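Enquirer: Structure in C-alpha cells, see below.
Read-outs throughout are calculated quantities, based only on the coordinates presented, and are distinct from any laboratory measurement. Just so we're clear, the structure is a prediction, and the values are computed from it rather than from any experiment.
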Amino acid sequence: MGEHRDQFQARLKHINRKHEAISGGYTAKLRPDGLLVVKPHRVQSRISGRSVLFFVAAFLLFKGFLMAALGFGSYDERVSTLAQGSAVERAGAFVMQADPASVFVAQKIGPILR
C-alpha cells in the first residue's frame, strides 16, 4: 500500500511542477503524428551581458578619472582613509582600490586633464 502511495505522490509532484512551469506561459506545437505538445517558455534574465559590461566599463572609467583628477597619491590616501571606517566603507575601499585597468585609464586621461 505504501509503494502505491509513494508512486501517486511522485506523479502528483511531477504534475504540480509542470503546472507551475506552464503558468508562466507556454507554446503548443502539433507533431506530425497529431499529438499536441506543450512546452513552457524559458525565463530570460532582464539584465543582458552587454549592460553588465557597459556598467563595468563606465565604473573603470570613473575610477580612472578620479585617479587622474586627484593624483595617485591623494587617491590612495583617500582610499586608505575609507578602509579605516565601517564595514560598508571598507567594502567601498575594496571596490575603489587601484587596479591595473583603472591605472591605465588614469594614465591616458591624465595628460588631457592638465
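Enquirer: Between the helical axis of 87-96 and the dominant principal axis of the chain, each derived from Cα atoms, what acute angle in degrees is found, rounded to the nearest 10?
Expert: The angle comes out at about 80 degrees.
Enquirer: Sticking with this structure for a sec: Stokes-Einstein D for the chain at 25 °C, 0.890 mPa s, Kirkwood Rh over Cα pairs, in µm²/s?
Expert: 125 µm²/s
Enquirer: If one takes the longest principal axis of the Cα atoms in the chain, at what angle in degrees, from 0 to 90 and to the nearest 10, does the Cα axis of helix 2-22 lie?
Expert: Tilt relative to the chain: about 50 degrees.
Enquirer: Here's a follow-up. Which lysines does Lys18 reach when only Cα atoms under 21 Å apart count, and residues fewer than 8 places away in its own chain are ignored?
Expert: Result set, ordered by chain and number: Lys29, Lys39.
Enquirer: On a 0 to 90° scale, report how tilted helix 49-70 is relative to the longest principal axis of the chain, with both axes built from alpha carbons and the result rounded to the nearest 10.
Expert: Tilt relative to the chain: about 10 degrees.
Enquirer: Between Ser23 and Arg78, 0.36 nm times their residue separation minus their Cα-Cα distance comes to what?
Expert: Full extension of this stretch gives 14.6 nm more.
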